[in-house]
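The values are calculated or read from the model by the stated rules, or taken from the named source; none is laboratory data. What you see is a predicted model; the values in this text were computed from it and never measured. Reconstructed Cβ throughout: ideal geometry from the backbone, glycine too, with neighbour counts over all protein chains shown. Protein only, heavy atoms only, side chains kept; ligands, DNA and RNA dropped before computing areas. Shrake-Rupley method; radii C 1.70, N 1.55, O 1.52, S 1.80 Å.
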Amino acid sequence: MDDRTHLAPDSADSHDDPPGDLGLLDAYSVTVIRIVERVGPAVGAISVRRRLADRAGRTREAAGTGSGFAFTPDGFVLTNSHVVHGASAVRVVFPDGSEFDADLIGEDPATDLAVLRVGAAGLASARLGRSGALRVGQLAVAIGNPLGFENTVTAGVISALGRSLPARDGHLIEDLIQTDAALNPGNSGGPLMNSASEVIGVNTAIIPGAQALCFAVGVDTAHWVVSQLLAHGRVRRAFVGLTGATAGISRAVQRATGLGQAHGVRVGEVAPDGPAQVAGIEPGDLIVGLDGVAISTIGQLQRLLDHTRIGRLCAVRLVRGTHLLHPVITPREQR
């Protein structure tokens, strides 16, 4: 090997633009710095106090921590349900040193999201983007307070989309974003951002003992949950009695049915005597529409099944084998 390949560049070369990968690294660094400067001031450290009772009925106080971020200048803060659930007191500290007691507006354990309100105006706030058009491999940046280290920044990529994990109430949290941007206890509730400095997810979970297996609730879900919590203080859902997952539709089935979409929701289990079973929906069916709206992901189906469809007839469009069927279902309110 030519020894000159190991020599440092001389002073005349050091002022040239860095070539190749080094130049790309500089552009990457500039992007991450811009994201942090725009969103970082909106990310707060959340501390909570809880009163816990032991088996003898004695109570004690326990402390907990997490992250959250202001998404409006007038004091609304988004975080995880598990960060604030059961708290007797919640406090938010922002990077500029301002501290606020927070009130819980509402929480939704099924998506692990919660909205707080602090008594402040003119807060730095993060812009909520969209998660429906995310691509595997694109940049993902997380900000939070892992293990008490405030305003920690990590970066990676979108590793996968459409993941599912069990929530603390036993239900599955669907349509999660998987990322390798490192998360640790205390990151929960912090934002996951794209290269445009928009929030694309709310960091929610890691796989203990694994490396770089981290998950965030997609911001499209957050948009819907926030609107429900601000309107009702809770999320009212229409119950249809089935489990499902996003699944591809083969080209053969698309041709046979005339469908113009490549994905739908594959039905898993169907609850006995539930609305889906009464309507004749079976495991293995592929739901592709509801009330004339095309459905490509489990997240879309969940968002459509809101309080407006409780107790009224809804037209389902589904594929069974190579045939299109159109059953009618009457959802109940989920309890």
Discussion item. Once you place label points 7 Å from the Cα toward the Cβ at ARG34 and VAL157, how far apart are they in nm?
Written reply: 2.1 nm
Practice prompt. Sort VAL288, VAL328 from largest to smallest accessible area, using a 1.4 Å probe on the heavy atoms of the protein chains.
Written response: VAL328, VAL288
Worksheet item: Each residue of the stretch 257-266 in order: what ³J(HN,Hα) in whole Hz does its phi give by Karplus 6.51 cos²θ - 1.76 cosθ + 1.60, θ = phi - 60°, with x for Gly and Pro?
Response: 9, x, 6, x, 10, 9, 9, x, 10, 7
Worksheet item: If one takes the longest principal axis of the Cα atoms in the chain, at what angle in degrees, from 0 to 90 and to the nearest 10, does the Cα axis of helix 20-39 lie?
Response: 70 degrees
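How would the stretch 107-207 be classified by its alpha-carbon gyration tensor: rounded, prolate or oblate, with rounded meaning a/c under 1.5 and the a/b versus b/c comparison settling the rest?
Numbers: a/c = 1.36, a/b = 1.10, b/c = 1.24.
Rounded, because the longest to shortest axis ratio a/c is under 1.5.
Once the piece of chain linking ILE310 and GLN138 is laid out straight, how much longer is it, given 0.36 nm per residue of separation minus the C-alpha distance between them? Display every interim value, and only then the final one.
Values: separation 172, 0.36 × 172 = 61.92 nm, distance 3.77 nm.
Gain on extension, ILE310 to GLN138, equals 58.1 nm.
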Practice prompt. Provide the net charge surrounding GLY284, with neighbours chosen by a C-beta distance below 12 Å and charges set as Lys +1, Arg +1, Asp -1, Glu -1.
Written response: -1
Practice prompt. Give the ranking of ARG50, ARG38 by solvent-accessible surface, highest area first, calculated with a 1.4 Å probe.
Written response: ARG38, ARG50
Practice prompt. At 0.36 nm per residue, minus the direct Cα-Cα distance, what do THR72 and ARG117 gain on full extension? Give it in nm, one decimal, please.
Written response: 15.2 nm
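Given Cα pairs under 8 Å that are at least 6 residues apart, what percent is the relative contact order of the stretch 34-193? The partial results should precede the final answer.
On the way: 405 pairs, mean separation 40.0, N = 160.
Computed over the stretch 34-193, the figure is 25 percent.
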Worksheet item: So what's the back-of-envelope 222 nm ellipticity for the chain, counting only DSSP H runs of four-plus at -39500 (n - 2.57) apiece and dividing by all residues, rounded to 500?
Response: -5000 deg cm²/dmol
Discussion item. Give me the 1.4 Å probe accessible area per residue for the stretch 37-160, excluding ligands and nucleic acids, in Å².
Written reply: 48 Å²
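Take the alpha carbon gyration tensor of the chain, find the square roots of its eigenvalues, order them as a ≥ b ≥ c, and report rounded if a/c is under 1.5; if not, report prolate when a/b exceeds b/c, else oblate.
Values: a/c = 2.28, a/b = 1.27, b/c = 1.80.
It comes out oblate by the Cα gyration axes.
Any idea what the dipole of the chain comes to, in debye rounded to 20, about its Cα centre with Lys/Arg Cβ at +1 and Asp/Glu Cβ at -1? Don't skip to the answer; put the middle values down first.
Details: 29 positive and 33 negative charges, 361 e Å.
My answer is approximately 1740 debye.
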